[in-house]
Amino acid sequence: MSQSVGNTALAYARVWHTVDANGRTLGKLAQRIALVLMGKHKPIYDAGVDCGDYVTVTNARSVVVSGRKSEQKMYRHHTMWPGGLKEISYDTMMEKKPDEIIRKAVSGMLPKNKLRDRRLARLHIFSDEKNPFEGNVLRRWEDGQTPGPQIASPSLGFYKHLQTRTR
């Protein structure tokens, strides 16, 4: 008797998603990417299991922020030398490394645990239209929404036998 207990390998299969960041708000985009990297859009989600998907982001250079964040936001890191705190403004970071802006925003929205680095490794960000992983992509977010579970609707004919029944 061969019965598998629990989720099979097919349930944990990873899908490639692509997102166009052109004109999207940074925080909302990062939040939706973090959900897909964690796998919260899947019915088999478990906090201790890494079941998320791959995400590729194009046009990172054209992401927008609200308010005066483009003038006020600072990115800080420390070189570990005395007095080695470095500050880079949002505008400078957008010119030099626009992909790092999205990566830091997504990193801040992921849980701070051992799975964080593995999840961030599945995030691929490109500052322009080119996407070398285009052949792998199965799902696109045209409206910025994460793909939800597939639900059978009565218009598909699945419930046709129930609609034709007379009382």
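By its C-alpha gyration tensor, with a ≥ b ≥ c as the square roots of the eigenvalues, how is the range 43-120 shaped: rounded for a/c under 1.5, else prolate for a/b larger than b/c, else oblate?
It is oblate, given that a/c is not under 1.5 and a/b is not larger than b/c.
Over the Cα atoms, compute the radius of gyration (one decimal) and Dmax (the largest Cα-Cα distance, rounded to a whole number) for the range 1-130, in Å.
Considering the range 1-130 through its Cα atoms, Rg and Dmax are 17.5, 66 Å.
A short reminder: the numbers here are calculations on the coordinates, not readings from a lab. The model shown is predicted, which means the values in this text are computed figures rather than measured ones.
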